[in-house]
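Taking it in order: structure first as structure tokens, then the write-up.
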């Protein structure tokens, strides 16, 4: 399932900031993102040994939701509001303790930033006729 949000002057593809026109759109392929985390959560800086992917899942989704709702604003300035919303929306069985939840949310936001995002670079390479060298949720067809 792909989600998109329209803004004013830039189009964003696959959660990566790539200027493509007069419209600004954020498109997030949440299934690809969750597949990425399912494969890579054990090597993530936030991972704690007893936690499974299913324990991180609600917080990962929450992090992406917060990014889409607050795109263009800095995470650090929003953290008090995000924390209050997280604690109000997650019951004690689904949510993580805040310090761990904050680390997970930071990683979701980091993946959405174009300068730190391999998907944006792969998309730019595709636009100039180069194939990406690393895996990407962007589909390429010959």
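Quick note: the coordinates plus some simple rules give every number you see, no bench work behind them. Just so it is clear, the model here is predicted, and its values are computed rather than measured. Positions of Cβ are generated from backbone atoms using ideal geometry, with glycine treated the same way; all protein chains shown enter the neighbour counts.
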Note to self: Ranking request for peptides 42-49, 56-63: highest mean number of other beta-carbon atoms within 10 Å first, then the rest in descending order.
What the structure shows: 56-63, 42-49
Next item on the list: Rank these for me by crowding, 90, 66, going from fewest to most other beta carbons within 10 Å.
Entry: 90, 66
